[in-house]
Each structure stands twice: as C-alpha cells, then as structure tokens.
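The values are calculated or read from the model by the stated rules, or taken from the named source; none is laboratory data. Only a predicted model underlies this, so the values are computations on that prediction, with no experimental measurement involved. Cβ placement follows ideal geometry from the backbone for every residue including glycine, while neighbour counts extend to all protein chains displayed.
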Amino acid sequence: MSRNDKKSRADLERELRDLRQEEDQALRQVALLQGIVRLFRETPECKSEEEVAELCLSMAETLSGSTISFLGELNQEGSFDTLTLSTAGWAACPMAPSEAAELLRNMPNHGINPIGLREGRSWFINDPASHPASVGTPPGHPPIHCFLGVPLRFMGGIAGMVGLANKEGGYTPADQQEMEALSVAFVEALNRLRAERTIRELNRELQRNLQQATAANKELEAFSYSVSHDLRAPLRHITGFVELLNKRDTGVLDEKSRHYLQVISEAAQKMGALIDDLLSFSRMGRSEMMQTWVDLNQAVREALADLAEETRDREIIWDIGPLPRVMGDRAMLHLVLVNYLANALKFSRSRKPARIEIGAVTDHPEETRIFVRDNGVGFDNRYADKLFGLFQRLHGTEEFEGTGLGLANVRRIVHRHGGRTWAEGSVDGGATFWFSLPKWEEE
C-alpha cells in the first residue's frame, strides 16, 4: 500500500469521525427542541409551580444524563430556597422528605452555588470537592461528583438557578449550552403559570368587587325608590291641608300666619321636586340603554324647545357650533343636554346679555368632547369635583333654585355610556361644563 493510500484512509477516518460528531450534535439539538416543545405543550396542564418544576427537571436530567437535579430561587434575604427536587433527587436523599424540605429552605448562599449567581453565567465543575470555593455538602445531602449550574434570569436579574449533578463522565460545554437554552423555556413556563394564577386571582377579586358594587347599587336604588315613594304620602297631606287652610276665610289669619302658610307651601313644592329628582336618579340606574346614532344638532334643538319657558323674555346670545353624531341612548343624552343648558340659563340669569356657547372637540382619537359654556356667575374652580356629587351645591337655594341632583344624574348617564364629565370655572367669570363619549365608527 502506498503512502498516498494510507493518507487517504486517514482522511476518510477523520471525515467519518467529523460526520459522526455532526450527527451526534444534530441529534442532541433535535432532542433539545423536542424537549422545549414538550415543555410548552405539557406545562399548561400543570396545576402548580411544583408540577412545572418537576417536569422541567425531569427533562433536564433526560437531556443531560444527570442523576439528580434541583430548582431554586434567591429569597429576599439573599439566601437560597430549593423549591423542587427531582424524583431521583428525593430518592437519593437519605432523610425523610419533610425534614429534607425544611433544610432546603433558606440555605446560606455560599460554596460553589454563588459562582454563577454572582456573575450571571452558567458553569460546570467536574471535581467539586477540589474546588477552592467548595464547602462540602451538609449532613444528609446526596454526594456530588460533578455539577452543572444554570442561572434563571427574570426582569434583567438573576432570580434563581437550576442545578444538575452526577452525570457519568462529567459535564461538557455542549451540556452547558443545551441547559442554557432549556433554562429560558423553564423561566417562561414558570412565569406563564404565575401570570395565569395572578390573572385568575385578579379576575376573582374583580368579580367579587363587581358583585359587591352591583349589590350596593341595587340597595341604593331600592332605598331611593322606597324613600321617594314613602315621602309622597305625608307630603300630599301637608300640601292638601295647606290648600284647605288657604280656601278658608283668610281674614281670620294675621299677616304672619299667612306668611307661615306660604313658607310651608313653598317647602312642600321643593320637597316634591326633590322627590321627583330622586326617582329620576334611581330609575336612571335601572333603565335599559337603547344605543343608536344620535345627531347632537337635533338633540340640542329639542332640548332648547323643552326650555322655551326659561328663555322667554331673556336677552341671550347663542353660539351653537356644528355638533357630531354620537352613539348613545337618545333619551338619556337629551337629559344631559337639558341639564347642562338649564344650568347655563340659570346661572347667567343676571347677565344682560347672557352668552351661551355649545360646541364640540372632535380631534381626540378615542373620544368626542361636548361643552356648554356661559358667562354666568361661575364657581370657585377648587370645588369643581364636588359639582357632580349627590346634593352638592356651590350656591345657596335662596340665590338659585335646584335640588343638587341634576349634575349627579348627568354623571351617571355619561358614565353608563363609557364617558367622562368635568367642569371648569371661576368666580364671576362664567363656567364650562363638559362631557365626553367614546368614538364609534359608522358603518
């Protein structure tokens, strides 16, 4: 055989070895990918973090050829909590599981464990006992012949570690790379379970809050409805007897007595208006919304028609801009506009001329904003948030009539539409009342 023949055979043997290494590497990559796919397919069926961790560790042992493995986290004190041991790890532990579990919590973070945890990298040691950082194993701990640690990263930091031990023949850089890739899947699987659990807890809490709010609203509505109806009977008696007294010969009554009767009559009328507003407020929370496209230009015209008596013999300069079409309940939005316009008319009564502007801001991407502005007496803007509360008034009843329920009703209507209400003003400088509605696209 010639020298060239021998060289060719050596080349063929080297190429064959390279091919076998490439094949082995390809098979390991396929196994790793299959393991990751299996992990994401099976972990959604797990009921707890321990089940997820056990599946992850079992897969890591299979892929790496390790005998035992564990998964743990750094706690707030910086110590190490072993959350889960593999089945093989528990089998290798000579002490009772309850006793071992107690020892595995709050372990000092020293020895070879911090090597990768401090530097944020994976590492392997095939002779732990001879390593300078080694502190040995605590009593009852299975003996460690070789070790591979892979930090678990979360939110840019090191949250914990997967530890593998006792692979026959020791660990290689290929084992290290595979476990680094698998650790990413570990973290994703665990975080997904925790996120799903958090979402379930938040949903349960939201459901409880919703039930409590619904029950409270029903109680409030029932209370308002009952009180309003129960107040009508004594109010009718008061009004009836005042009318009877007025029909009698008033000559027997002195001026002060007739004044008392007038005060009682006016108070009864105010009480009647308050009861009507309470009933309206109560019904507004129970009535079903009929969503449709509403032309606000037409809605303003209809509201002004309802307020014709308020505008008669008044000097008013109207500035009504173009208004859009919005999605909402026509009757409810009519009440919103009537309340806003009635307020503007009422609080600008002393102005000659009164100026009332109605307009819209439509350039916001998510909502349409409608405003009613007047040059009336205004209000202290520090108390703007109180305007829409029940029975909240910034002016005395002797100055301006009202029950303090109109704007509360407006806020309730607009909130049911998914919108907002707010106001801006200054003392003796007029006021602007706003409401917004979500934007809808017309088909």
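Brief remarks follow.
- Of the residues making up segment 35-91, those that are in a helix (DSSP H, G or I) and within 26 Å of GLY169 (Cα to Cα) number 19.
- Where VAL162 falls short, out of the listed (1) modelled with pLDDT of 80 or more; (2) surrounded by fewer than 16 Cβ atoms within 10 Å (Cβ to Cβ); (3) not polar (S, T, N, Q): (2)
- ASP363 passes every criterion in (1) surrounded by fewer than 17 Cβ atoms within 10 Å (Cβ to Cβ); (2) touching a residue at least 12 places away in the same chain (Cβ under 8 Å) apart from (2).
- ALA195 surrounded by 14 or more Cβ atoms within 10 Å (Cβ to Cβ), over 26 Å from ASN126 (Cβ atoms) and either among the aliphatic types (A, V, I, L, M) or modelled with pLDDT of 85 or more (or both): no
- The set of residues from segment 358-388 being of a type in the set (Gly, Ala, Ser) and more than 10 Å from SER436 (Cα to Cα) comprises GLY359, GLY376, GLY378, ALA384.
- Qualifying residues in segment 399-442 (those that are modelled with pLDDT of 85 or more and of a type in the set (A, V, I, L, M)) - the one nearest to GLY376 (Cα to Cα): ALA431
- Considering residues of segment 227-246 that are free of Cβ contacts under 8 Å to residues at least 40 places away in the same chain and of a type in the set (D, E, K, R) only, the residue farthest from GLU266 (Cα to Cα): ASP230
- Scanning segment 159-177 for residues that are in contact with a helix residue (DSSP H, G or I) (Cβ under 7 Å, 6 or more places away or on another chain) and outside any helix (DSSP H, G or I) yields MET161, VAL162, LEU164, LYS167.
- All positions within segment 57-80 that are under 32 Å from the mean Cα position of the chain (by Cα) and touching a residue at least 40 places away in the same chain (Cβ under 8 Å): GLY72, GLU73, LEU74
- Qualifying position, being surrounded by 11 or more Cβ atoms within 10 Å (Cβ to Cβ) and either outside the structural domain of MET59 (by TED's automatic domain parsing) or touching a helix residue (DSSP H, G or I) at 6+ places or on another chain (Cβ under 8 Å) (or both), among ASN217, ASN209: ASN217
- Candidates GLU180, GLU219 - the one that is assigned to a helix (DSSP H, G or I) and modelled with pLDDT under 85: GLU219
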